[in-house]
Amino acid sequence: QVQLVESGGGLVQAGGSLRLSCAASGRISTLNAMGWYRQAPGKQRELVATISTGGMTNYAASVKDRFTISRDNANNTVYLQMRSLKFEDTAVYYCWVLIRTTPFWGQGTQVTVAS
């Protein structure tokens, strides 16, 4: 079993910042890529950012230059620093990890940006 525990969501004013964290634990053999997805009401889940074991990052165009993804390999934790938040960033944010070739998802954490 693999557990993903997310934290850091909440309510913030437009222009503000939040930092999400996701810690993976359990039967982790080879932890490969980690990342974040989000799903807004009435929309499909979309990629926000991913990071490889070597630190290579990939961002959605809508968040590039505002969000920064990072990871702590020693603690199997991935972070998402979100700055200059916009109303359209409001969504449930899901942690995602790839263990070998199997994806695992967190339970989601709500981010609400008040305009």
Roll a 1.4 Å probe over the protein heavy atoms and report the accessible area of residue 104 in Å², nearest 10.
-> 60
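Would segment 1-82 count as rounded, prolate or oblate if I go by the C-alpha gyration tensor, calling it rounded below 1.5 in a/c and otherwise prolate when a/b exceeds b/c, oblate otherwise? Can you show the working numbers first?
Working: a/c = 1.69, a/b = 1.53, b/c = 1.10.
It is prolate, given that a/c is not under 1.5 and a/b is the larger ratio.
Is the shape of segment 26-68 rounded, prolate or oblate, going by the alpha carbon gyration tensor and its root eigenvalues a ≥ b ≥ c, with a/c under 1.5 for rounded and a/b larger than b/c for prolate? Display every interim value, and only then the final one.
Details: a/c = 3.55, a/b = 1.43, b/c = 2.48.
Verdict is oblate for segment 26-68.
Please give the length that would be gained between residue 28 and residue 3 if that part of the chain were fully extended, namely 0.36 nm times their separation in residues minus their C-alpha to C-alpha distance (nm, one decimal). Show your work: numbers first, answer last.
On the way: separation 25, 0.36 × 25 = 9.00 nm, distance 0.94 nm.
Difference between extended and current length: 8.1 nm.
Evaluate the charge dipole of the chain about its Cα centre and quote only its size in Debye, nearest 20, assuming +1 on the Cβ of each Lys and Arg and -1 on the Cβ of each Asp and Glu.
100
How high is the relative contact order of the chain, in percent, with contacts defined as C-alpha pairs under 8 Å that are six or more residues apart?
On the way: 284 pairs, mean separation 41.4, N = 115.
Relative contact order comes out at 36 percent.
The values are calculated or read from the model by the stated rules, or taken from the named source; none is laboratory data. Since we're looking at a predicted model, the values are computed, not measured. Note that we place each Cβ from the backbone using ideal geometry, even for glycine, and neighbour counts take in every protein chain shown. Ligands, DNA and RNA are excluded from the accessible area calculation, which covers all protein heavy atoms including side chains. Shrake-Rupley method; radii C 1.70, N 1.55, O 1.52, S 1.80 Å.
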